[in-house]
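Just below is one structure, and these are the notes that go with it.
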């Protein structure tokens, strides 16, 4: 929900739909006659369904005309839902107000966490129990269970009460006297940060492995056991766990960081235990490798999260809302894209299969309250890492025209229904991310007396076996064991939890026997899964049972069996019967299923670092198995994208095993047929300081480097890269480089620029001297990088090699360069004959020009960003008009991300050398300057813009603002579009030209569109900056830069006119820093005309 904007707004237009603030909107729901077969928390029958639809209309009608329109089959007016489902109202104000979490205990009682104090937390959170007093299938009564819970945001049934994430604590609440009110309140864990409620600790979940999991949220934590902080081994009381998520075993007092997840509001597990998260723009991600496997690896390698369903062009995924777009308080460019993703929830309720969904896979739902939608993703979990895509194309699973529909959380119930919690607020954005001038105009608490809970079920109704459920009885373990194999994950996991909680201290023999028998039930894989983890939780997972699971025909069972082995080892590290299974776990490194291979490697890595698993024979077997697995795949064809992603995680797992003994691992790698340079480089970089010189001087390394000098090598450059990282790894390492001097000298002169660059980097790290003649080979690389006739890949490799030139002293002018011929191209040989004049900065800077290919621009900017800061900053400002589009974007980021450059940046903005609109001054960037610790920087920034955004034509915008209050005619607006805009823009089938296609512009609010039309230079995308080309014969052309190849330029002007200027005619290419879209487009227009144009664009 974080973000920013450059579009200012006023109270009149930034209402976020205030029309619900009318008398009677917060009222008790009307009562309806009970349905004969209904029960609390279950789907009503036909008569009650009709009553619920009426109730939805009655409540939703409070929002006024925004919900006009007929109700569809099973869907109230104002909502659009997947046609295979029905939407029912389960509760509304005053029965529930500001609901943010919903949980069912084993008796099927519904508890709702309410957060009336959001966003400033003036009123603490509370938990209420909802009840269906008249049996019509809708909750109509509430009873307070607990209050004064601060910023609580998550609840979880546990033992005989509820766990509550209530920063700074995790609290246990229990009603011990049966009066419905919690009278026991224990603080179990403390130290979580109290900050923006959207980023506090949240989403506490019961895991398959019987741990309690939670999302840290990003605000940080210094976690400790409150009654005895010194007893905590990890994390220590004084240690900040940063943004890492966590898991905790309260019974054994174990706390563990699970690594940096998505960091947003929500987390969910798939039915086989895979974890998924969400965070605002990144609506779906998977935690592939938890932190415990990566703790001993360098911090840069510890990212175990994979972003899923991301669009290929980057940025947040597209959404398809149906309501009138409100002005975004931040990031208007993110309208109709994920910006407030939350409540990620895997559906495993067992009822949606009857709906006949066409897309096969795991159904995962994500809410976005800013867009008033619930999105459905379809996830394929086969293999080492998941893949995901959207459900239906071009439409959301659930969407509403009501701008106060704010789905903030989702829950799958014991009945198989998907519950949607609607906070029903006017403003859900936290004030932290609302520009200050806008915030003072808003009612941040609009709607704080309302709330809705909806229930989504298949159109044909819930299966009878799911409706016929009255909760669990802890005293009937045989029923709990039977429930482990059922279709509903809530019931399976709740039954597992109850068995572990109730019988963990002294499991009855009959229960243990029944569970072990379940492990042999070939027809019920979920029954086997939960029997496995229930036995683990009871401490009764013996060698025979675990061995059978390791050999299960289902790969997901085998993967979980490896995890269960790991858990058994962690609980009881003594050598016992289960340790005899260690070779079987290691053997699964060669399993045909990638997911099993991944987990076997990860667990083996932990095993080898443990006191009982470090035996030489086991260590050797594990490392050999890892190397053999990668060697067998080395000769395969290039991997498709999906397999390449999977390979990334398998490599990381392999490194976690091989890191147990880097020296021995390197020997295995170099004597195998392995060509995977990533694994080699990482293992080499882990070489201990005291062994580095020995390894470098070893026959094996020298032979590989010597072989590489004769031509391209699959691992030569990786080996050099790893040695460089090891040599610069700190700790005052001193290395005898005498044995490497000869091989490095030959490699620096390699015909392979990648290999040569790796040799130069290692030479610099070791302080190896190079002759002036050798250094000028780097200058020759600069010539190849600048050669317009060279291939793109060849130029990029040469550019990286030339980038190293700054580390070496200037070559003597008396030395004649001896540039090698990089190819047989006559053009290349000619280019290398060019004198090597100019400084390194000037020659690298020349590669930022608009006439250079975009990848060359970006690579050159990356090299400059690593060089001397002051000189680069001055160079970029001076040469700004001549930068290409991609160089311009990267240079803008470079100038703003360091306070030391802000003075020079403001100089350029104030002088007009750099246009305000070119800096992409989103809210975060504006605040870098507006909230600088230096008063003078703040003063100068305030003179240019304020927290609300950049405005250069305020009077024109204000004069046209009445257009926003007029109902325009889209047909008349189309005529204006054809007259004023169609030479440069398309919309639908009309128009042409170089400007952006406006067909999807309706995702923006009318106010944002008005601002874009009237003030085009307030925010200028680098792709649409106007460029001017001056030719050698004095001709001047202008337009958008389309292509720059071979030194020539292609511009696109109005009406799609292409202007080609060959390289030999180009004298100068520069930008005027202005958008191609002219200002004063409104000349001659009245507000009514502008309203017509806006109506057309918003269709």
Legend entry - Label-point separation in nm, residue 1050 to residue 745, each point 7 Å along Cα→Cβ: 4.9 nm
Inset, instruction - For a quick protection proxy, order the peptides 680-687, 663-670 by their average other-Cβ count within 10 Å, most packed first. - result: 680-687, 663-670
Inset, instruction - With a Förster radius of 51 Å, plug the Cβ-Cβ distance of residue 159 and residue 393 into 1/(1 + (r/R0)^6) and report the FRET value to the nearest 0.05. - result: 0.65
Inset, instruction - Subtract the Cα-Cα distance of residue 510 and residue 174 from 0.36 nm times their separation in residues, and report this length gain in nm to one decimal. - result: 118.0 nm
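From the convex hull of the Cα coordinates of the stretch 418-496, what is the mean projected area in square nanometres?
Numbers: hull surface 35.7 nm².
Mean shadow area of the hull around the Cα atoms is 8.9 nm².
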Inset, instruction - Hey, for a label at residue 1042 modelled as a point 7 Å past Cα toward Cβ, could you say which residues of the stretch 1060-1089 have their backbone N under 12 Å away? - result: 1060-1061
Legend entry - Estimated FRET transfer efficiency when R0 is 56 angstrom, pair residue 617-residue 936 (beta carbons, to 0.05): 0.25
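Starting with the highest mean, order 1057-1063, 488-494 by the number of other Cβ atoms within 10 Å, averaged over the residues of each peptide. If you can, show how the numbers build up before the last one.
Details: 1057-1063: 13.9, 488-494: 22.4.
Packing order, densest peptide first, comes out as 488-494, 1057-1063.
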Inset, instruction - Could you work out how far apart the two model spin labels at residue 354 and residue 307 are, taking each label as a point 7 Å from the Cα in the direction of the beta carbon, and quote it in nm? - result: 4.0 nm
Legend entry - Gain in span if fully extended, residue 1079 to residue 893, counting 0.36 nm per residue against the direct Cα distance: 64.3 nm
Legend entry - the stretch 374-438 versus the stretch 116-179: alpha-carbon centroid distance in Å: 22 Å
Inset, instruction - Any chance you could list P(r) for the stretch 293-378, counting all Cα-Cα pairs in 5 angstrom bins from zero, rounded to whole %? - result: 3, 11, 17, 17, 16, 14, 11, 7, 3, 1, 0
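Just subtract the alpha-carbon distance of residue 728 and residue 990 from 0.36 nm times their residue separation and send over the number in nm, one decimal. Intermediate values should be presented prior to the final figure.
Values: separation 262, 0.36 × 262 = 94.32 nm, distance 5.95 nm.
Additional length available on full extension: 88.4 nm.
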Inset, instruction - Would you compute the Debye intensity of the stretch 968-1097 from its alpha-carbon atoms alone, equal scatterers and no solvent, and pass along log10 I(q)/I(0) at q = 0.11, 0.16, 0.17 Å⁻¹ to two decimals? - result: -0.44, -0.81, -0.89
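So for each of 772-781, 308-317, 983-992 I average, over its residues, the number of other beta carbons within 10 Å; can you give me the resulting order with the highest mean first? Working shown, then result.
Working: 772-781: 20.3, 308-317: 14.2, 983-992: 16.6.
Order by mean packing, descending: 772-781, 983-992, 308-317.
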Inset, instruction - Set the Förster radius R0 to 35 Å, insert the Cβ-Cβ distance between residue 473 and residue 551 as r into 1/(1 + (r/R0)^6), and round the FRET efficiency to 0.05. - result: 0.50
Legend entry - Percentage, to the nearest whole number, of Cα pairs in the stretch 46-465 over 29 Å apart: 43 percent
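Would you mind calculating the relative contact order of the stretch 46-465 from Cα pairs under 8 angstrom and at least 6 residues apart, reporting the percent as a whole number? Can you show the working numbers first?
On the way: 1080 pairs, mean separation 64.2, N = 420.
Answer for the stretch 46-465 is 15 percent.
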Inset, instruction - Normalise the Debye intensity by I(0) for the stretch 372-434, one equal point scatterer per Cα, no solvent, then take log10 at q = 0.30 Å⁻¹ and round to two decimals. - result: -1.18
Inset, instruction - Let me have the relative contact order for the stretch 263-307, percent, based on Cα pairs under 8 Å that are six or more residues apart. - result: 28 percent
Legend entry - the stretch 210-224 and the stretch 535-566: distance between their alpha carbon centers, rounded to Å: 27 Å
Legend entry - Spatial separation of Cα centroids for the stretch 265-285 and the stretch 741-786, in angstrom: 46 Å
Legend entry - Separation of the residue 1032 and residue 185 label points, Cα + 7 Å toward Cβ, nm: 8.3 nm
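Where a number appears in this text, it was derived from the coordinates with a stated rule and is not lab data. In this text, all values refer to a predicted model and were calculated from it rather than measured experimentally. Because the Cβ atoms are built from the backbone with ideal geometry, glycine has one as well, and the counts that use them run over all protein chains shown.
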